């Protein structure tokens, strides 16, 4: 976390948490609630980067942005992280700019989305990188001839080469994601807890 955030946490330790005002969409965009109640994309790169640097998870699997002394809990449209290919196309980066690390597993969602279980955490692969990653998986696993063979491998729970590691690939339903990866997609205040 940023030093300025850590200092603010020490100076004001009892600031109420915020719920329902910040979302992470399936493309790694931060969305903030407007007065109208609609969510709009945060377009300022510096603000998005600040949120990303100060994004963390509590012991209950609730992801939040530490905004100075205040935790702003994040509603997740899919997973807590969204992965993209790095510039070299050889590894993955989270939407926060942090490397994914070793890939431990791959999951294909019913709608065709690819999810990655990596050292950094569980994340959805950005849809713009899906075709490139599938091509890479097919190239790295020559026993797979095409996308249908990849789906069949997922149905069987085969182990594939993925970004330099051996990782099982499986099918998964969207409703299973929070339980499987231990995150709360819609954090709410605990009973009696103030909410700003």
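The values are calculated or read from the model by the stated rules, or taken from the named source; none is laboratory data. Just so it is clear, the structure is predicted and the values come from calculations on it, not from any experiment. Don't worry about glycine lacking a Cβ; one is built from the backbone with ideal geometry, like all the others, and counts go over all protein chains shown.
If you go through the stretch 139-157 and pick out every residue that is surrounded by fewer than 18 Cβ atoms within 10 Å (Cβ to Cβ) and under 25 Å from the mean Cα position of the chain (by Cα), you end up with 5.
Residue 191 fulfils the conditions (1) modelled with pLDDT under 95; (2) in the same structural domain as residue 102 (by TED's automatic domain parsing) except for a single criterion, (2). The criterion of being surrounded by 12 or more Cβ atoms within 10 Å (Cβ to Cβ) and part of a loop (DSSP other than H, G, I, E, B) does not hold for residue 178.
Filter the stretch 1-40 down to residues that are crowded, with 17+ Cβ neighbours inside 10 Å and modelled with pLDDT under 80 and give me whichever is nearest to residue 79 (Cα to Cα). Across the stretch 1-40, the extreme among qualifying residues is 5.
If you go through the stretch 63-83 and keep only what is crowded, with 19+ Cβ neighbours inside 10 Å and over 11 Å from residue 122 (Cα atoms), you end up with 63, 64, 65, 66, 71, 72, 73, 74, 75, 76. Candidates are the residues of the stretch 147-169 that are in contact with a helix residue (DSSP H, G or I) (Cβ under 7 Å, 6 or more places away or on another chain) and outside any strand (DSSP E or B); the one that is farthest from residue 119 (Cα to Cα) is 147. Would you pick out the residues in the stretch 49-62 that are under 16 Å from residue 25 (Cβ atoms) and surrounded by fewer than 18 Cβ atoms within 10 Å (Cβ to Cβ)? Scanning the stretch 49-62 gives a single hit, 52.
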